[in-house]
Ligand code: PRF
């Protein structure tokens, strides 16, 4: 994998770049749609490619390990082939899902013992077996196994946990060196900064992660309930320490406003369930604010969903029709809203990139944030 920085905004720390992997180029800043269980919920791969057009999507080790399970993915020849997606994929390590989804988890130095959220069966994730699983899934970018601390988090717990995440990182790296690739392309490995909302821990963790000399780096443990200002303060500290010539990935973030603010602090990659999950609940993101399409006020509004016409759904359907689909609980409503929201998120990062390249990102960002901070 390699990363070229093409431009830096003169009035913020925003960068525009290009990552190249075995499955093509990723123009940064990028938003990665979440395809947890080998599917971006409700969206055909064909629509994802032609209409939403992301260079990369995300899958989850935790979910794929439980279903369809690793042997099936191995037989399929990896996740790309299994789901018919020939562009980039990144897999998260399970270092977050295991804490947020599974029951009875016990975290020890060795790893995490947990019960499946599907059938209650017992499993263990260690840095070593999670690297093996990610080798088999075959994503282009694979993530370190970490512990994502909750918010708020006691200082001593956060400190102990951060050190364990660092030791787990060393085990991941050692294990990858011994584990051959399963497919005919490389896999880039990203370590993850932790340290909760404590400045000194974030600094220490960023230094440790920077020293691992990985091809890209991630920031975890944020957007877990802390106020946005605290998240920005942590991203800022960490981005100043992580190497400039490597891509930076902020995990699980966030709202359109969070994304723009973090781009301004030097983040290049994002993922979040928000555009897809909120779409299924009738929430639409637009450049002029958010819409709750279930609201009565849209019942006889026959104007297009979004006159910006980013994806076909925006002009092919009216707000009144989409509201109706939600009212009668038709699947198509969720599909339309998902395509709209993902189309908007990808538009937003592409615009951000354009303005970084033009050198006027900061003014554009401030204007967009004002505009988007509304409920319509
Ligand atoms: N670690 C991992 N995945 C994650 C996170 C993390 O801290 C977060 C935190 N927002 C989202 N996804 N491995």
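The values are calculated or read from the model by the stated rules, or taken from the named source; none is laboratory data. The structure presented is a predicted model; accordingly, all values stated were derived computationally and were not measured. Note that we place each Cβ from the backbone using ideal geometry, even for glycine, and neighbour counts take in every protein chain shown.
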Worksheet item: farther than 30 Å from residue 75 by Cβ, out of contact with any strand residue (DSSP E or B) (no Cβ under 8 Å at 6 or more places or on another chain) and touching a residue at least 12 places away in the same chain (Cβ under 8 Å), is that true of residue 224?
Response: yes
Practice prompt. Please specify each residue of region 30-87 satisfying the condition of being free of Cβ contacts under 8 Å to residues at least 24 places away in the same chain, more than 30 Å from residue 113 (Cα to Cα) and outside any helix (DSSP H, G or I).
Written response: 44
Discussion item. Which condition from (1) part of a helix (DSSP H, G or I); (2) more than 22 Å from the chain's Cα centre (by Cα) is the one that residue 98 breaks?
Written reply: (2)
Worksheet, complete the sentence: residue 311 fails exactly one of (1) in contact with a helix residue (DSSP H, G or I) (Cβ under 8 Å, 6 or more places away or on another chain); (2) surrounded by 19 or more Cβ atoms within 10 Å (Cβ to Cβ); (3) over 21 Å from residue 41 (Cα atoms), namely (3)
Practice prompt. Taking residue 105 as meeting all but one of (1) at pLDDT below 95; (2) within 15 Å of the ligand (Cβ to nearest atom); (3) part of a loop (DSSP other than H, G, I, E, B), write down the number of the exception.
Written response: (3)
Worksheet item: Does any residue of region 173-184 turn out to be within 15 Å of the ligand (Cβ to nearest atom) and either touching a residue at least 40 places away in the same chain (Cβ under 8 Å) or part of a loop (DSSP other than H, G, I, E, B) (or both)?
Response: no
Item to complete: Determine, yes or no, whether residue 207 is touching a helix residue (DSSP H, G or I) at 6+ places or on another chain (Cβ under 9 Å), more than 13 Å from the ligand (Cβ to nearest atom) and at pLDDT 95 or above.
Response: yes
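Would you check if residue 124 is crowded, with 22+ Cβ neighbours inside 10 Å and in a strand (DSSP E or B)?
Against the criterion (crowded, with 22+ Cβ neighbours inside 10 Å and in a strand (DSSP E or B)), residue 124 does not qualify.
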Practice prompt. Return the total of residues in region 129-154 being assigned to a loop (DSSP other than H, G, I, E, B), within 12 Å of the ligand (Cβ to nearest atom) and under 15 Å from residue 60 (Cβ atoms).
Written response: 4
Worksheet item: Among the residues of region 284-308, which ones are without any contact (Cβ under 8 Å) to a residue 24 or more places away in the chain and out of contact with any helix residue (DSSP H, G or I) (no Cβ under 8 Å at 6 or more places or on another chain)?
Response: 296, 297
Worksheet item: Limited to region 290-308, what total is found for residues that are assigned to a helix (DSSP H, G or I) and surrounded by fewer than 16 Cβ atoms within 10 Å (Cβ to Cβ)?
Response: 2
Worksheet item: Pick from region 185-205 the residues that are under 19 Å from the mean Cα position of the chain (by Cα) and not in a loop (DSSP other than H, G, I, E, B): which of them is surrounded by the most Cβ atoms within 10 Å (Cβ to Cβ)?
Response: 193
